[in-house]
1. Whole number please: convex hull volume per residue, Cα atoms of the stretch B:156-246, in Å³.
2. Against the longest alpha carbon principal axis of chain A, how many degrees, from 0 to 90 and to the nearest 10, is the axis of helix A:53-71 turned?
3. If you take every DSSP beta bridge whose two residues both sit in chain B, what share of them, in percent to the nearest 5, is antiparallel?
4. Could I have the simple spin-label model distance between residue B:42 and residue B:19, label points 7 Å from Cα toward Cβ, reported in nm to one decimal?
5. Please grab the % of Cα pairs in chain B that end up more than 24 Å from each other.
6. For chain B, what's the relative contact order in percent, using C-alpha pairs closer than 8 Å and at least 6 residues apart?
7. When Cβ neighbours within 10 Å are restricted to other protein chains, what is their mean count per residue of peptide A:40-50?
8. Taking just the C-alpha trace of the stretch B:100-214, give me its Rg and Dmax in Å.
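What follows draws every value from the coordinates through simple rules; no lab data is involved. Keep in mind the model is a prediction, meaning the values are calculated, not measured. Quick reminder, even Gly has a Cβ in these numbers, built from the backbone with ideal geometry, and neighbours come from all protein chains shown.
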């Protein structure tokens, strides 16, 4: 399995934890991104993730390689969900094991931040009122209008 | 005694539709249309003049030629024709527009060979409407008084003048030769016809859509035949046809599976993905 991967099924966290076990490591840090029931004042009932997988996989490997080099960790993995997700499901999982906790924390933080910013992955939220929208895409025009009226 | 045949290339137009001086346009070999028309006509006549308005005499495209300045109270090509006839009343005048990018040697040689000095004029029959083409035609000296009277009566259409006169009408050897280039569209068409090496090439580009762009395009992918040279031009084209709400400024672009610059030249068969603002995690 590659260091970064997608899953269309619920993420098997136990087996990911096991894959990072290493007798030379004294620290293990993981991060789970969960589907929460609200966003920007709207009640969220479900999510969809869509990815440009070929490029996201390549960029995901680059992110993990950067973390390994930058923080001197060897064992790092990330799995991101695609498709339809319900509330409370794990949308993204990052795990890092390292000889000491500090580099494990920092590498884990680096990976989730870069994954959110750089990978071509999109999230569509479905709301309790029946609306839906692509996060960061639908309100661009509104934001532009706000800037114009402030200026 | 034979009647001298003089040439007059019309270059006094205001080129309003072309939005630039038609006489100065260079279609081929870095030669202005005006110079090309003068050179094409030169072998067939005793001397070539260029018809100009008073305010065009020192203009760089025109100043090197022998000129006949409009001196008739009329506007348009008929003022140039009448002015030439006033300058040399006993000559026949071969009138030639300067905005005929497709004019060829055969068309001029055929008119020279078939001109009939015993008629009022010799002209080509338009391949579009069958009417006389007045701006590549020989006007014999005997038309001078009639033309002056026609202008004095407030008329100014040389085509109708030739229609009423005893005009020999010839069929053009090349039906396109007298198509004029009057608008900017005409210009680009003439440019690419005359210079096939400059023609903008078409590319086939495979475009994949994701997320909001997939929904707005109503498809996951398509193959576009386009003249767009860069992803930015391609996105602007697609934004129009698919009514995308996002502007290029908010997107990134990938070509053949990796992030790319917006101004990178596109090649045929490139696979392009426009990347809306991401929201992983």
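1. That works out to 180 Å³ per residue.
2. 50 degrees
3. Once the DSSP bridges in chain B are tallied, antiparallel ones form about 55 percent.
4. Result for the modelled spin labels: 3.4 nm.
5. Working: 23270 of 39340 pairs.
Here the tail beyond 24 Å accounts for 59 percent of pairs.
6. Relative contact order here is 15 percent.
7. 1
8. 21.7, 77
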